[in-house]
1. If I filter segment 101-138 down to residues being in a loop (DSSP other than H, G, I, E, B) and over 22 Å from residue 323 (Cα atoms), which single residue comes out as modelled with the highest pLDDT?
2. Hey, can you tell me all the residues within segment 3-46 that are free of Cβ contacts under 8 Å to residues at least 24 places away in the same chain and either aromatic (Phe, Trp, Tyr) or touching a strand residue (DSSP E or B) at 6+ places or on another chain (Cβ under 7 Å) (or both)?
3. Does residue 241 satisfy the condition of being surrounded by fewer than 19 Cβ atoms within 10 Å (Cβ to Cβ), modelled with pLDDT of 75 or more and farther than 21 Å from residue 25 by Cα?
4. With (1) touching a helix residue (DSSP H, G or I) at 6+ places or on another chain (Cβ under 9 Å); (2) surrounded by fewer than 22 Cβ atoms within 10 Å (Cβ to Cβ); (3) at pLDDT 80 or above as the list, and residue 15 as the residue in question, which single condition is left unmet?
5. Can we say residue 43 is hydrophobic (A, V, I, L, M, F, W, C), over 23 Å from residue 111 (Cα atoms), modelled with pLDDT under 75 and in a helix (DSSP H, G or I)?
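The values are calculated or read from the model by the stated rules, or taken from the named source; none is laboratory data. Nothing here was measured: the structure is a model prediction, and the numbers come from that model. FYI the Cβ positions are ideal-geometry reconstructions off the backbone, even for glycines, and counts take in every protein chain you see.
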Amino acid sequence: MFQIFTDFASWLIYDLMGLSAETKLGDALHFFVEDVSKIFVLLVVMIYLIALMRASMNVEKVRDFLAGRNRSISYLLASGFGAITPFCSCSSIPVFLGFTSAGIPVGITMAFLLTSPLINEVAVLLLLSLLGWKFTLMYIVVGMLVGILGGLFLDSIRAERWLQSFAAKALENGRNGQGDSVDMANQTITFKERHNFAKSEALEIFGRVWKWVIIGVGLGAALHGFVPDGWIEQHLGAGQWWSVPAAVLVGIPLYSNATGVIPVMESLITNGLPIGTALAFCMSTVAASFPEFILLKQVMQWRLLAILFALLLVSFTLIGWIFNSLLFLL
């Protein structure tokens, strides 16, 4: 399925440019071209197809659906919606306010927002092609569990106490039925309208993330082509207990989405980093980055941000340790 991208990269780098596959530069550029072309095509095609199916779905319907369900089921539903909805940290404030204005508890909202950047259809396809169905399924389950358990914990400590005043007011108004209401009467949507919606969404998302794909693949290519064989394994790949929290801390200052970070994960694993350590690093980069927390500061007080930050760091560290322990069983 993906051989066409390998052949294209080989033609461009080895045949047209005349570089050798035995050189570090040739190997790195081949990796870069193959992965960028593959991700760009999958990004446009898959988002377009998913958007066709989601053409009639909107945030208001999702909010109403979640608000009317049993609390325990809502965490699972919110995480599931997050897994199929391509929101990233740049969308966190409007999505957060949209959910709170409907009166949906903070924990359910966070289950959605924590899962959404970790899982998307392109990342799942890439993981499936790179690491197989077992690891991909485990990644999906873990990503959803982070959202569900994180939401449960935040609701158990009444996290709404530490919202910014305007966000707390929006939540209270939503609970009292005074939030914004949108009339979403049943309507027939033609295929042309669905196509235009899907085309617009695919182009919008592509325009927002293409640079992060290039940055992520570029970093992956640098690791793949120029890091000496065995260097990463020697420093972080021997299974030391501290390697996982160290990887989590290294990922915090960075920013990427799940699509852009997959090539980095591939390079780390190829160069000898255990799967759990690589996964902890990538999850930290996607869901615990400084840019996302700077945005969330607009709707959360420092105490809630600190709790959320610590929750994610502990979760990713535990996940890394668990995956490293399971590595020898798969």
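1. Going through the qualifying residues, I end up with 105.
2. 11, 14
3. Values: surrounded by fewer than 19 Cβ atoms within 10 Å (Cβ to Cβ): yes; modelled with pLDDT of 75 or more: yes; farther than 21 Å from residue 25 by Cα: yes.
In short, yes.
4. Of (1) touching a helix residue (DSSP H, G or I) at 6+ places or on another chain (Cβ under 9 Å); (2) surrounded by fewer than 22 Cβ atoms within 10 Å (Cβ to Cβ); (3) at pLDDT 80 or above, only one is false for residue 15: (1).
5. Numbers: hydrophobic (A, V, I, L, M, F, W, C): yes; over 23 Å from residue 111 (Cα atoms): yes; modelled with pLDDT under 75: yes; in a helix (DSSP H, G or I): yes.
Yes, satisfied.
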